[in-house]
Every structure is written in C-alpha cells, then in structure tokens.
Amino acid sequence: MKVGFIGVGYMGRHMAQNVAAGGHDLTVFDIRKEAADELVSGGATWGNSPRDVVNDSEVIFTSLPRPENVEEVSLGEGGILNGAVSGKAFFDLSTTDPSTIVRIEAAAREKGMAMLDAPVSGGTVGAEKATLCIMVGGDKAVYEKYKPVLDLIGSEVMYCGGLGSGAVCKIINNLIGLSAGVILSEAFSVGVKWGVDPQTLFDAVSKSSGNTTAMRGFPDGLFSGNFEPGFQLDLAAKDVGLATELGRSLRVPMEVSNIVQQRYIAGQNRGWGRLAAGAVARVQEERSGVEIRTS
C-alpha cells in the first residue's frame, strides 16, 4: 500500500519507520527536511509538500505538535486538501481538539476524503517499539480497512466511536497522567524534605496503592535530574489546556485541572518548555526548597 506520513519528529519518525518495515511504500514530509533524512536513506520518498504526499498515497497519517499545525497542513496552501484526495483516507495521530477535527473532517468530506482522529499514547519508546495505544474516532468501516497499517504502529489499537471520540479519550488520558505528575512532585518533595531517600519512597509507593504509570520514569528522569525530551513540557501544557478548554465548552467545573494547567505554565515561564514534561517537578522543588534526587 502507498502510505503518506507528514511530521517525522520525535514520534513520527519511529511510527513511519514501523510502517515502512511492514512492507508499505512510504512518502514523507516534514517542515524540517533533515528530520526525514534517515527515512529517505532507508527507501522512503520525499514529498516537497503535504499535497505531494497526498498525491502519492492512498492513506495519509499526520503526527504534529499542535492543533494549529494540523489545521495548516490540512487546509493551508499546498496542504492535504489541495491534492487529489477523493477516495483517500487521512488519520491524524496528533493530539488535536475535537472542534478542529470536526472542521477538517467537514472540509475533507466535501472533497470525497475520509478523515479520522487517531491520537496515540505511549511516548517515544512506544513509538519506537510499536507498542502505542491508538484511539480512533470516525467512520468504522474506514478504520477497519486501514487497521492493518495502524497495527504496525501500535499494539493497542481501539475504535472509540464517532468522529472526535479518539481525541477526547486521548485528552482525558493526558489530563490524568499529567495531573498525576504534579501531585507526585508535591508528595515526593514532602517525603524527601523529611529525610526519606527518593528511591526508597519510589519502592514503597510502587508496592502500594499509590503506584501509578506517571511515576515509572522517575528513576531515570527526575531522580537523576535528566529532563531531556521525550514529550516536552510545552506540549504537556498544551494538552492540559485542551482538557480545560473542553471542560469549559461543556460547562464542566475543572478546578483541580486549572491548577495543574497553571503549574505547567509556571514551568514554561521559567524557560523549561522544551524540557521533558517531568520538568514540571522543578517548580515544586523551587517552592519547597528541596531537590528530589538520588545520590
């Protein structure tokens, strides 16, 4: 099958490599051409624009940082919908808000193209190992047709319902995980300031009811002061913002989520936006006067 991939950064390049390894013909585009060098040297075709990728492909995947990037790549000059799109399918693997998805899908449908939201969870490690969870919303028949390609990207591929359902599942998932990161930093700062070693705290909590996925990266990340991305704090702030915006649109009170969002914004204001999302703990470290580090 001829597959197009737009956005081959931290996540996208691994997903695209796994699609190519599955035997599909791959055409790629990224705003930074050098990001695609490895893929092109491995046999992928370079497209000079999103439109070129679409023209050479049956199904197209986008993996982009922000909803506005997805909208520009889809609707802008030289974008996906400027190509020959009738009968083709477009899956957005990004974390995009439902309202943006609905706008793009309506424009795609007018031109005879199917568009589905298919955000992924599992980070760069999951992208590399093809163990991502992929949450898909949209036309179920289109989902089933292209599920074999999705299976090359993730080990947990699930149909969530109508258009936007995948996006909502992903936004809720990220809100939970990122909120846990904030409360974990507060909890650990208390224990460390009292005098307990961070690794001891980690071991105790890991074996108890407080165990959480959000804590798994602590030994190689927070405890050693390693905040290399990974998933950037800027994107974490964006995703929590998508959740609180969704809550406002539905008139759902989200007091705790708003506090979490402000904590990530505080990290951005300190210039840590390009560090890993776990760097949000540094805000708590500053305020509490303690570093959560092992020797």
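The values are calculated or read from the model by the stated rules, or taken from the named source; none is laboratory data. As the structure is a prediction and not an experimental result, all values here were calculated from the model. Every residue, glycine as well, gets a Cβ built from its backbone with ideal geometry; the counts of neighbours run over all protein chains shown.
Can you work out which of the residues in region 66-91 that are of a type in the set (D, E, K, R) and modelled with pLDDT of 95 or more is surrounded by the fewest Cβ atoms within 10 Å (Cβ to Cβ)?
Filtering region 66-91 for residues of a type in the set (D, E, K, R) gives 66, 68, 71-72, 77, 88.
Now drop any that are not modelled with pLDDT of 95 or more, which leaves 66, 68, 71-72, 88.
Values: Arg66: 18, Glu68: 11, Glu71: 18, Glu72: 16, Lys88: 22.
Step by step, filter region 66-91, then rank; the result is Glu68.
Per-residue answers, yes or no, for (1) in a helix (DSSP H, G or I); (2) within 24 Å of Pro148 (Cβ to Cβ); (3) at pLDDT 95 or above:
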site: Gly9; (1), (2), (3): no, no, no
site: Asn18; (1), (2), (3): yes, yes, yes
site: Ala35; (1), (2), (3): yes, no, yes
site: Leu39; (1), (2), (3): yes, yes, yes
site: Val53; (1), (2), (3): yes, yes, yes
site: Ser57; (1), (2), (3): no, yes, yes
site: Ile60; (1), (2), (3): no, yes, yes
site: Leu64; (1), (2), (3): no, yes, yes
(request) Output the number of the condition that Ser94 fails; it satisfies all remaining conditions of (1) in a loop (DSSP other than H, G, I, E, B); (2) among the small types (Gly, Ala, Ser); (3) modelled with pLDDT of 95 or more; (4) surrounded by fewer than 18 Cβ atoms within 10 Å (Cβ to Cβ). (result) (4)
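Check region 242-249 and report whether any residue there is more than 20 Å from Pro119 (Cβ to Cβ) and either surrounded by fewer than 18 Cβ atoms within 10 Å (Cβ to Cβ) or aromatic (Phe, Trp, Tyr) (or both).
The initial filter retains those residues of region 242-249 that are more than 20 Å from Pro119 (Cβ to Cβ), namely 248.
Imposing the further condition that a residue be either surrounded by fewer than 18 Cβ atoms within 10 Å (Cβ to Cβ) or aromatic (Phe, Trp, Tyr) (or both) reduces the set to 248.
Taking every residue of region 242-249 in turn, at least one turns out to be more than 20 Å from Pro119 (Cβ to Cβ) and either surrounded by fewer than 18 Cβ atoms within 10 Å (Cβ to Cβ) or aromatic (Phe, Trp, Tyr) (or both).
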(request) Output the residues belonging to region 85-102 that are in contact with a Lys or Arg (Cβ under 9 Å, 6 or more places away or on another chain) and farther than 11 Å from Met115 by Cα. (result) Ser86, Ser94, Thr95, Thr96
(request) Could you check Gly230 against (1) more than 29 Å from Met254 (Cβ to Cβ); (2) modelled with pLDDT under 95; (3) crowded, with 18+ Cβ neighbours inside 10 Å and say which number it fails? (result) (1)
(message) I need the full set of residues from region 20-33 which are outside any helix (DSSP H, G or I) and not hydroxyl-bearing (Ser, Thr, Tyr), in order please.
(response) Gly22, Gly23, His24, Asp25, Leu26, Val28, Phe29, Asp30, Ile31, Arg32
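Sort through Val8, Val54, Val28 and tell me the only one that's within 18 Å of Met115 (Cβ to Cβ), β-branched (Val, Ile, Thr) and without any contact (Cβ under 8 Å) to a residue 60 or more places away in the chain. Walk me through it before giving the result.
On the way: Val8 fails: within 18 Å of Met115 (Cβ to Cβ); Val28 fails: within 18 Å of Met115 (Cβ to Cβ).
Result: Val54 is the single residue among Val8, Val54, Val28 that is within 18 Å of Met115 (Cβ to Cβ), β-branched (Val, Ile, Thr) and without any contact (Cβ under 8 Å) to a residue 60 or more places away in the chain.
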(message) Conditions first: (1) in a helix (DSSP H, G or I); (2) in contact with an Asp or Glu (Cβ under 8 Å, 6 or more places away or on another chain). Val73 passes all but one, so which condition is the exception?
(response) (2)
(message) Condition (residue is in a loop (DSSP other than H, G, I, E, B), without any contact (Cβ under 8 Å) to a residue 12 or more places away in the chain, more than 22 Å from the chain's Cα centre (by Cα) and at positive phi) applied to region 238-260: is it met by at least one residue?
(response) yes
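Assigned to a helix (DSSP H, G or I), basic (Lys, Arg), touching a Lys or Arg at 6+ places or on another chain (Cβ under 9 Å) and modelled with pLDDT of 95 or more: is that true of Lys193 in this structure?
Values: assigned to a helix (DSSP H, G or I): yes; basic (Lys, Arg): yes; touching a Lys or Arg at 6+ places or on another chain (Cβ under 9 Å): no; modelled with pLDDT of 95 or more: yes.
The answer is no for Lys193.
Does region 222-235 contain at least one residue that is in a helix (DSSP H, G or I) and farther than 27 Å from Asp197 by Cβ? Full working, then the answer.
At the first step, the residues of region 222-235 found to be in a helix (DSSP H, G or I) are 222-224, 233-235.
The next check asks that each one be farther than 27 Å from Asp197 by Cβ; those that pass are 234-235.
The answer is yes; a qualifying residue exists.
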(message) For region 261-295, which positions are closer than 18 Å to Arg66 by Cβ and either surrounded by fewer than 14 Cβ atoms within 10 Å (Cβ to Cβ) or in contact (Cβ under 8 Å) with a residue 60 or more places away in the chain (or both)?
(response) Tyr264, Ala277
(request) Hey, could you check region 115-174 for residues that are over 17 Å from Phe90 (Cα atoms), assigned to a loop (DSSP other than H, G, I, E, B) and out of contact with any helix residue (DSSP H, G or I) (no Cβ under 6 Å at 6 or more places or on another chain) and say which is modelled with the lowest pLDDT? (result) Gly122
